[in-house]
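Bear in mind that the values in this text are calculations on the coordinates, not laboratory data. If you're wondering where the values come from, they're calculated on a predicted model, not measured in any experiment. Quick reminder, even Gly has a Cβ in these numbers, built from the backbone with ideal geometry, and neighbours come from all protein chains shown.
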Amino acid sequence: MAQEVFFDPDDVIISKTDLKGRITYANRAFCDVAGYKMKELVGQPHSIIRHKDMPRAVFKLLWETLATGQEVFAYVKNATKSGGFYWVFAHVTPTFGADSSVVGYHSSRRCPNRDLIASTIEPLYQQLLTLEQQPANRKQGLEDSSQHLMSIVQSSARTYAEFIFKLTQAA
C-alpha cells in the first residue's frame, strides 16, 4: 500500500508553470513533499505528480476554468517520486503578462481538511473514476464523468468554486 505523506499545516506548496503546464519553479516545500530535487522538476510537465486516483474530469474542469482567466480551487491527490501520495487544497491562477495575456500558471497548495477528504472528496472522486473507466472509449468516459461532476456541482452551487467552498465551510 502506498505511503501517505503529510506536510506542516503552515507550509505552502508553490509551483509555477508555463502555458503548456511545464514546471518553471517549485519551492522547497514542493520539492520536500513530492520527493524531487528542483533540477528534476524544472522543465517537466506538472503531471509528473499526477496520481492515478485523480479523475480526469477534475483536471478538465480546472483547465477549462483557467482558459477563461479565472482561478480554481480544488482538492487534489498528488503522487510522490517514491510512489506515495499527498493531498492538497489547491488554488491555481493564471499568471498575466504586461499586455494582460496569460503567460503561465501559479499554484499554491495548503493542507486540506482531512475529514472532508474522507467523507466527501474520496467517495466523489471514486464515483468519477468509475464513470471514466466504464466505457471502452476514454473520451466517452471523460464526458460521462464530467457531466456527473457538473450535475453534483449544480445541485448545490452555481459554480465549481462555490461548490468547493460550500463543502469546505460545511466540514
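Points worth noting:
- Rounded to the nearest Hz, the phi-derived 3J(HN,Hα) couplings of region 148-160 under the Karplus curve 6.51 cos²θ - 1.76 cosθ + 1.60 (θ = phi - 60°) are 5, 4, 5, 5, 5, 4, 6, 6, 9, 7, 8, 9, 5, where x marks glycine and proline.
- Most mobile listed residue (Thr159, Thr93, Thr65) in the chain, GNM with C-alpha springs under 10 Å: Thr159
- Percent of Cα pairs in region 13-163 per distance bin of 5 Å, from zero to the largest separation: 2, 9, 16, 22, 20, 16, 10, 4, 0, 0.
- Backbone N under 18 Å from the Thr159 label point (7 Å along Cα→Cβ), restricted to region 49-93: 58-75, 90-93
- Spatial separation of Cα centroids for region 95-171 and region 11-78, in angstrom: 14
- Zone residues, region 55-80, relative to Gln133, backbone N less than 20 Å from point 7 Å out along Cα-to-Cβ: 55-60, 76-80
- Here the spin labels are modelled as points 7 Å beyond Cα on the Cα-Cβ line, and at Phe96 and Asp10 they lie 3.4 nm apart.
- With both residues required to sit in region 1-156, DSSP beta bridges show an antiparallel share near 95%.
- Reachable lysines from Lys39, criterion Cα separation under 19 angstrom, eight or more residues apart if same chain: Lys16, Lys20, Lys81
- In this rough spin-label picture, where each label sits 7 Å from Cα along the Cβ direction, the Asp115-Tyr25 distance is 3.6 nm.
- Cut-off under 5 Å, modelled amide H: who pairs with Tyr25 long-range: Lys16
- Computed from backbone phi with θ = phi - 60° and the Karplus coefficients 6.51, -1.76 and 1.60, the 3J(HN,Hα) list for region 62-74 is 4, 5, 5, 5, 4, 5, 8, x, 9, 8, 10, 10, 7 Hz; x is used for glycine and proline.
- Residue with peak Gaussian network fluctuation, the chain [Cα springs, cutoff 10 Å], from Asp115, Asp18, Asp53: Asp115
- Backbone geometry of region 30-43 corresponds, through the Karplus equation with coefficients 6.51, -1.76 and 1.60 at θ = phi - 60°, to 3J(HN,Hα) couplings of 4, 4, 5, 6, 6, x, 10, 8, 3, 5, 7, 8, 4, x Hz, x marking Gly and Pro.
- Rg(Cα)/(2.2 N^0.38 Å) for region 22-96, N = residue count: 1.10
- Listed residues Asn113, Asn137, Asn78, most fluctuating in the chain (Gaussian network, C-alpha, under 10 Å): Asn137
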